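A short worksheet on the structure shown next.
Readers should treat all values here as calculations from the given coordinates under stated rules, not as data from a laboratory. Small disclaimer: the values here were computed from a predicted structure and weren't measured. Because the Cβ atoms are built from the backbone with ideal geometry, glycine has one as well, and the counts that use them run over all protein chains shown.
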Amino acid sequence: MLNHVDAGDLILVTRSPDSLGDMVEKGCTVRFGDFDNYGSLVSAFHGGEKMLMISGSRVGQRMPQHTNAINAAKASGVKHVICTSFVGAEPDNASPAISDHLGTEALLRESGMTWTALRNSQYADYIFASAPNAIRGGSWLSSSGEGTVAHIWREDCIDAAVSVLSSDGHDNTVYNITGPELLRVRDVANIVKEVSGRDFEFVEVTDEGMYEFFDSLGVPRSPVDDHVASDIPWCSDDMVSFERTIREGGFSIISDDFEKLTGHKPRTLKSLAKANSNLLLPK
């Protein structure tokens with residue numbers, strides 16, 4: 001269940017403190033901290049007891065940053081770290097995104113601190129990057145085959161994290177935070193067509209075909225911080241390996257952990273599309 005947390009009890013850490021002036025006005029403490037600057041994290045985490053660590057964006061290259069954060073948390077006296085991980089974080093999963101999270105979870109287990117891993121499923125709002133390109137170009141390309149994912153709203157992931165942060169009983173536990181239904185990428189494309197009222201072709205391609213498509217959009221193959229190309233904020237190494245893992249069943253996981261934590265059911269991808277249908281269309 002969600003509990004209230006007083007603003008004065010929160011320490012918010014960011015590379016851009018000026019961007020959180022509204023949170024300061026509400027009573028939160030805002031401090032500078034950078035994943036790449038260990039010393040800044042030690043200072044930023046001082047006085048905190050329970051920490052939510054939101055994973056970095058350098059898919060396949062997150063471990064140095066996460067190592068800094070975990071070591072700094074321990075040095076600062078943090079007792080409990082909650083990390084955002086990913087469904088399918090198992091040793092036999094070949095996705096680069098998974099290798100980051102496996103390593104992070106292992107560091108937490110070895111740290112001596114209490115830990116909780118929130119293994120979030122794929123964010124449902126990825127459709128707002130994929131749909132405009134499909135509508136603009138007349139086709140949605142995928143190499144995911146018949147594999148499925150139980151997509152989850154970002155806001156629902158936040159609710160799950162707040163529940164763990166604000167209550168007891170989550171020590172050294174893994175939660176799978178998933179949406180309510182397993183969908184193929186083909187199913188997602190059909191939802192986009194229905195909600196947007198726009199038609200396009202769904203095209204199955206090879207992994208190399210996916211690379212060629214992303215190359216044509218100017219999407220970098222390796223992670224680049226704060227980079228967006230054609231509405232897509234991820235690198236193609238991440239997306240192509242992600243589609244391959246979907247195809248191989250590595251993300252076909254559904255759970256009721258979200259409902260157990262929050263007391264309500266997660267929302268569907270279709271409801272997100274309907275609530276934000278304008279974001280499906282090209283700008």
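Counting only DSSP beta bridges with both residues in the chain, the antiparallel share comes to about 10 percent. The sum of -39500 (n - 2.57) across all DSSP H runs of n ≥ 4, divided by the residue count of the chain, sets its helix-only mean residue ellipticity at 222 nm to -12000 deg cm²/dmol.
Per the Kirkwood formula applied to alpha carbons, the chain shows a radius of gyration over Rh ratio, Rg over Rh, of 0.97.
Put in order of Cβ neighbour count within 10 Å, fewest first, the listed residues R62, R109 become R109, R62.
What FRET efficiency would be calculated for the residue pair R221, T29, taking the C-beta separation as r and a Förster radius of 41 Å, to the nearest 0.05? The value I calculate is 0.55.
Report note on the peptides 171-183, 236-248: ranked by the mean count of other C-beta atoms within 10 Å, highest first, their order is 236-248, 171-183.
For the range 64-130, chymotrypsin sites (Phe, Trp or Tyr not before Pro) are listed when DSSP marks them as loop and at most 11 other Cβ atoms sit within 10 Å of their Cβ; the list is empty.
The angle between the Cα long axis of helix 127-137 and the longest principal axis of the Cα atoms of the chain comes to about 30 degrees, rounded to the nearest 10.
Is the shape of the range 7-120 rounded, prolate or oblate, going by the alpha carbon gyration tensor and its root eigenvalues a ≥ b ≥ c, with a/c under 1.5 for rounded and a/b larger than b/c for prolate? Verdict is prolate for the range 7-120. May I ask for the angle, rounded to the nearest 10°, between helix 96-111 and the longest principal axis of the chain, with both axes built from Cα atoms and the value confined to 0 to 90°? Computed tilt is about 20 degrees. Separation of the range 74-136 and the range 1-53, taken as the distance between their Cα centroids, equals 20 angstrom. Summing +1 for each Lys or Arg and -1 for each Asp or Glu among the other residues whose beta-carbon sits under 13 angstrom from that of F200 gives +1.
Antiparallel versus total DSSP beta bridges in the range 7-120: what percent is that, nearest 5? Here the antiparallel bridges make up roughly 5 percent for the range 7-120. Checked against a 32 Å cut-off, the cross-linked pairs K193/K265; K74/K265; K26/K79 give Cα-Cα distances beyond that limit for K74/K265.
Here the Gaussian network model covers the chain, with springs between Cα atoms less than 10 Å apart; of I11, I158, I82, I158 fluctuates the most. Centroid-to-centroid, using Cα positions, the range 147-169 and the range 255-283 are 12 Å apart.
Fewest neighbouring Cβ atoms within 10 Å first, the residues K26, K50 line up as K26, K50.
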